[in-house]
């Protein structure tokens, strides 16, 4: 896995947002759901491209 300093700026901002600005469990769960959805969609696209 890449070191934090080597990650794209947008990923760093997302991580910082999670650490600094999320104050409730509901907020965290919302962000988690959104990230999981996007990751799963991208994974499916990549799997499709590999075939």
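The numbers here are math on the coordinates, done by the rules we state, and not lab data. All values reported here derive from a predicted model rather than from experimental measurement. In this analysis, Cβ positions are derived from the backbone assuming ideal geometry, glycine residues included, and neighbour counts consider all displayed protein chains.
Of note:
- Here the residues 51, 12, ranked from fewest to most Cβ neighbours within 10 Å of their Cβ, fall in the order 51, 12.
- Estimated translational diffusion coefficient (Stokes-Einstein, Kirkwood radius over Cα pairs, 25 °C, 0.890 mPa s) of the chain: 193 µm² per second.
- Degrees between helix 25-50 axis and first principal axis of the chain (Cα, 0 to 90, nearest 10): 20
- The fewest-to-most ranking of 24, 14 by surrounding Cβ atoms within 10 Å reads 24, 14.
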